[in-house]
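The values are calculated or read from the model by the stated rules, or taken from the named source; none is laboratory data. Predicted model only: the values in this text are computed from it and were never measured. Cβ atoms come from the backbone with ideal geometry, glycine included; neighbour counts cover every protein chain shown.
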């Protein structure tokens, strides 16, 4: 490593793939994640609901959008049904979906686009003659990230968490962010 300014960690891990295959894959996935430093109001406002003129078509970004449809009878999985029959049945009961994919487990992953579809899928009991349950996907319905906001540094942690709860902020902590001169500024870091 001759010059730290020109060092490319992504390239280095790519070159180390043969020597450290698992670590290299993990490091390359982590290194491409985007870091974010934005004013808290702008960043948090991206998590609010988007409304259309028709209230039934309200797309709720804070709500569950991805659902997994699972057969209630393990001996009779929905993956044995024709994909065309599954698609027609879902269109009839829920409406046109953004996506509809079969998972390795044999379950069906669907992406919904409106609150009326969310209401319909929660009432879904059967696809064709197969009993099913529809549950929100455990990880696709949340975004994980970190924001920094100097405006919140003097706020009470519990008060700020309570105010930001509707925007799915799960934790807040004070940190010191150092600048290039070695000095630093305190700011509140939020996890959502």
Original post:
If you go through segment 13-20 one residue at a time, do you hit one that is assigned to a helix (DSSP H, G or I), modelled with pLDDT under 75 and either outside the structural domain of residue 149 (by TED's automatic domain parsing) or under 24 Å from residue 148 (Cβ atoms) (or both)?
Top reply: no
Original post:
Any idea which residue in segment 101-121 is modelled with the lowest pLDDT, counting only those that are loosely packed, with under 13 Cβ neighbours inside 10 Å and in contact with a strand residue (DSSP E or B) (Cβ under 9 Å, 6 or more places away or on another chain)?
Top reply: 105
